[in-house]
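The structure under discussion appears below in the form of structure tokens.
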Amino acid sequence: MKITLFGAAGDVTGSAYYVETDSAKVLVDFGLFQGGKQAEIRNLKLPPINIGKLDSVILTHAHLDHTGRLPLLIKAGYQKPVFATPATIEMSALILHDSAKVKKMDMQRVNRKRSRSGQPHIDPIYSTEDLDHLLKLFTPVPYNEPVSVAPGISIRAVEAGHILGSVSIELTAVEIGKKKVVIFSGDIGPLGMAILKDPAPLPYADLVFLESTYGNRDHKSLKDTLLEGETIIRQAVRDKGKILIPSFAVGRTQQLLYYMAAAFHRGDFPVFPVYLDSPMAIEATNIYMKHTELYDEEAMELVRSGELKADLSHVNMSTTPEESIALNGLEGPLMIIAGAGMCNAGRILHHLRHNLWMPETSVIIIGYQAEGTLGRQLVDGAKTVRIFGETIAVKAQVHLLGGLSAHAGQSDLLRWFDVVAPSKPKIVLSHGEDKGRKPLAEIISKRYGLSPILPEYGDIIEI
Ligand SMILES: [Zn+2]
């Protein structure tokens with residue numbers, strides 16, 4: 001059995017594992033490379049796999065860096081099933097449609113420029129028709145039950161606790177009467193994260209692909225993070241300012257709403273209106289609300305008692321652009337949660353333009369801000385920024401609130417691995433840069449006497 005890594009090898013995007021046995025070929029995840037021009041070029045070309053011979057695709061979760069290259073398969077003629085949990089299917093439809101929309105708008109802009117310079121138009125890498133075709137291939141898999149996905153290959157999907165619907169995949173392949181078990185961790189969430197159940201470790205494997213995004217460190221504790229957040233918000237409420245939170249639509253936003261509901265519920269926290277100003281985040285929240293079967297005990301209890309619904313009554317959803325613009329005229333204190341998470345696009349830009357110059361405004365950054373984004377400039381303490389071609393003074397207070405990551409830190413990764421380690425699997429650290437995977441590899445080799453493999457793009461692992 002051979003597994004080739006066509007992404008997330010030495011970096012954190014483009015997850016794609018090509019599994020070949022003597023009787024079948026499957027892909028686990030087929031995600032987009034993200035970050036700059038180079039990534040965009042890599043996304044245009046299919047890796048050297050024979051699409052006609054591919055039996056199925058299996059998804060760990062809906063994030064674009066695990067699903068974003070799927071439409072390319074359709075363009076190349078792929079017609080077989082794409083296996084995923086029901087929540088991942090719904091979330092993938094939402095995320096891929098949004099991505100297609102953004103790509104279409106980008107392409108229109110590029111083509112307008114090309115028209116002006118007399119160059120021919122270029123087509124988007126895939127169309128919404130390709131996407132509709134793809135969505136028809138989605139095939140739901142249950143949690144914790146073996147499902148046959150190709151001749152001689154079955155999988156079992158278990159909770160990964162990262163975003164709604166996320167799973168680790170236990171893949172069992174039989175070759176010449178011999179059984180081999182491979183685990184793809186997918187992205188693993190931190191223990192104790194709100195709403196979702198904790199990741200479920202698996203006890204046995206011949207080979208493990210373990211994500212290593214934060215293999216080098218632990219996050220600040222959730223308790224300290226929430227306390228820090230509350231202190232910032234209390235002050236912002238006293239200042240009667242607007243609290244702006246750039247947030248990723250899927251996962252982070254729902255965590256945030258949950259923590260706000262919990263704070264409002266306690267009775268000792270100021271109550272003020274919260275505006276969720278992102279159509280995509282609103283849709284993602286609706287999908288979260290629908291899949292209560294995936295909630296942990298604590299969240300489930302709040303659903304049963306009706307408390308969650310009552311506490312979320314302070315949250316207003318702004319779907320239309322008019323509703324979004326109307327927020328400019330409102331007086332603080334209020335909170336606006338809007339995308340994009342790194343302030344490089346979306347409605348948050350309008351709110352930043354209208355409010356950054358006011359000292360009573362608070363901006364709370366809760367996610368990773370990549371180099372070159374407006375969010376990164378704010379975190380780095382820029383005194384002025386450019387938004388829509390206008391120079392805006394940054395008088396607002398900018399707070400960086402770490403600790404709300406949807407990825408397990410080092411200790412939680414090791415706790416997960418602890419369970420499978422006694423079966424002495426071959427271990428590959430994927431989905432991590434050197435700064436994440438090298439320190440984790442060192443600990444794993446010291447603690448378990450195993451020699452983790454740190455793969456590069458195109459590397460083949462054989463068992
Ligand atoms: Zn993810």
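Each reported figure results from applying straightforward, stated rules to the coordinates on display, with no laboratory input. This one's a predicted model, so the numbers in the text were calculated from it and none came from an experiment. Quick reminder, even Gly has a Cβ in these numbers, built from the backbone with ideal geometry, and neighbours come from all protein chains shown.
Things to note:
- Among beta bridges that DSSP assigns inside region 359-442, antiparallel share in %, nearest 5: 50 percent
- Note on Arg353 and Met300: the extension gain reaches 15.2 nm, defined as 0.36 nm multiplied by sequence separation minus the Cα-Cα distance.
- Candidate cross-link partners of Lys424 among the aspartates and glutamates, defined by an alpha-carbon separation under 15 Å and a same-chain spacing of 8 or more, comprise Asp206.
- The residues packed around Leu70, meaning those with a beta-carbon under 13 Å from its beta-carbon, carry a net charge of 0 if Lys and Arg are +1 and Asp and Glu are -1.
- Under 17 Å from the Met317 label point (7 Å along Cα→beta-carbon), backbone N, region 337-380: 337-339
- Listed pairs Lys80/Lys179; Lys223/Lys395; Lys242/Lys309; Lys37/Lys103; Lys25/Lys53 exceeding 18 Å between Cα atoms: Lys80/Lys179; Lys223/Lys395; Lys242/Lys309
- The length gained by stretching the chain between Phe269 and Ser115 to full extension, at 0.36 nm per residue less their Cα-Cα distance, is 49.9 nm.
- Of all complete DSSP H helices in the chain, those with a Cα span along the helix axis of 15 Å or greater and a mean Kyte-Doolittle hydropathy of 0.0 or more are 279-290, 410-420.
- Charged neighbours of Pro279, selected by a Cβ distance under 11 Å, balance to -2 (K, R count +1; D, E count -1).
- The lysines whose alpha-carbon is closer than 18 Å to the alpha-carbon of Lys438, local same-chain residues fewer than 8 away aside, are Lys426, Lys446.
- FRET efficiency estimate (nearest 0.05) - Cβ-Cβ, Lys104 to Ile232, R0 60 angstrom: 0.95
- Under 15 Å from Lys435, Cα to Cα: aspartates and glutamates that are on another chain or at least 8 residues apart: Asp11, Glu211, Asp218, Glu456
- Formal net charge of residues neighbouring Tyr448 (Cβ-Cβ distance under 14 Å; K, R +1; D, E -1): +3
- Share, in percent, of DSSP beta bridges within the chain that are antiparallel, nearest 5: 50 percent
- Cβ-placed point charges (K, R +1; D, E -1), dipole of the chain about Cα centre in debye, nearest 20: 1220 debye
- Residue-span extension gain [Ala310 to Asn144] - 0.36 nm each, minus C-alpha spacing: 56.5 nm
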